[in-house]
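Q: The following block contains the structure, expressed as structure tokens.
The values are calculated or read from the model by the stated rules, or taken from the named source; none is laboratory data. Bear in mind the structure is a predicted one, so any value in this text is a computation, not a measurement. We place every Cβ from the backbone using ideal geometry, glycine too, and count neighbours over all the protein chains shown.
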Amino acid sequence: AACELFKIRDRRNIHLPKCYTSTESWSAENYRLVNDNQQYDHIKALCKMHSRSIVPMKLKFRKNLQSPKSSRTTLLVKLSYENSQEVRFMPGEHAGLFAGNQPELVASVISHLKDAPPCNQHVRLETRNEQESFWTISEKIPPCSLTQALTY
């Protein structure tokens with residue numbers, strides 16, 4: 001669909017570089033959830049997953065700067081930061097946002113899962129190695145509750 005939208009020619013012969021592809025496939029017998037009592041800090045987990053410093057903030061205000069007739073959206077956002085540390089950004093600098101999913105949406109997704117662990121039970125994802133002889137802890141998703149995993 002994106003190729004059609006942007007009128008990309010010869011889209012059937014596009015080859016992605018190896019770093020953007022994965023040979024990993026999902027099979028239920030190669031993944032399992034195991035109870036875990038480790039404390040979960042989603043800020044530390046996001047920092048580790050994305051190799052970035054993360055400053056937690058809350059949305060204080062947002063305003064669309066485009067006219068209501070425009071098909072574009074440019075947002076002015078004001079964020080609040082509760083710690084005493086000052087965060088400085090210069091005009092034009094980039095900031096990444098990790099918005100959490102709405103609790104109602106997360107609860108709805110969980111309600112459709114079969115054999116899901118209790119919402120507040122911390123679990124860790126383990127994968128079976130290729131030789132199928134032992135399980136290893138997945139580094140992609142930190143130990144957390146299912147609710148936390150789907151929220152962040």
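Q: Any residue in the range 59-85 that's within 17 Å of Gly96 (Cα to Cα): show its pairings with residues that are part of a loop (DSSP other than H, G, I, E, B) and among the hydrophobic types (A, V, I, L, M, F, W, C) at Cβ separation under 6 Å, as long as the two are six or more apart or on different chains.
A: Between residues of the range 59-85 that are within 17 Å of Gly96 (Cα to Cα) and residues that are part of a loop (DSSP other than H, G, I, E, B) and among the hydrophobic types (A, V, I, L, M, F, W, C), the close pairs are Thr74/Leu65; Leu76/Leu65; Leu79/Met57; Tyr81/Met57; Tyr81/Val87.
Q: State which residue is nearest to Ile54 (Cα to Cα) when the search covers only the range 90-133 and only residues that are exposed (fewer than 10 other Cβ atoms within 10 Å of the Cβ) and among the polar types (S, T, N, Q).
A: Asn120
Q: Pick out the one residue from Thr73, Thr136 that is farther than 20 Å from Val34 by Cβ, touching a strand residue (DSSP E or B) at 6+ places or on another chain (Cβ under 9 Å) and exposed (fewer than 13 other Cβ atoms within 10 Å of the Cβ).
A: Within the list Thr73, Thr136, the selection yields Thr73.
Q: Got at least one residue in the range 45-54 being surrounded by 10 or more Cβ atoms within 10 Å (Cβ to Cβ), assigned to a loop (DSSP other than H, G, I, E, B) and among the aliphatic types (A, V, I, L, M)?
A: Yes, the range 45-54 contains a residue that is surrounded by 10 or more Cβ atoms within 10 Å (Cβ to Cβ), assigned to a loop (DSSP other than H, G, I, E, B) and among the aliphatic types (A, V, I, L, M).
Q: Here's something else I'd like to know. If I filter the range 72-89 down to residues being part of a loop (DSSP other than H, G, I, E, B) and either closer than 18 Å to Arg52 by Cβ or hydrophobic (A, V, I, L, M, F, W, C) (or both), which single residue comes out as modelled with the highest pLDDT?
A: Top of the filtered list is Tyr81.
Q: Here's a follow-up. Of all residues in the range 92-135, which are outside any loop (DSSP other than H, G, I, E, B) and either touching a Gly at 6+ places or on another chain (Cβ under 7 Å) or farther than 30 Å from Leu79 by Cβ (or both)?
A: The answer is Ser111, Val123, Arg124, Leu125, Glu126, Thr127, Arg128, Trp135.
Q: In the range 115-131, is there at least one residue being among the charged types (D, E, K, R), closer than 19 Å to Leu150 by Cα and touching a Phe, Trp or Tyr at 6+ places or on another chain (Cβ under 7 Å)?
A: yes
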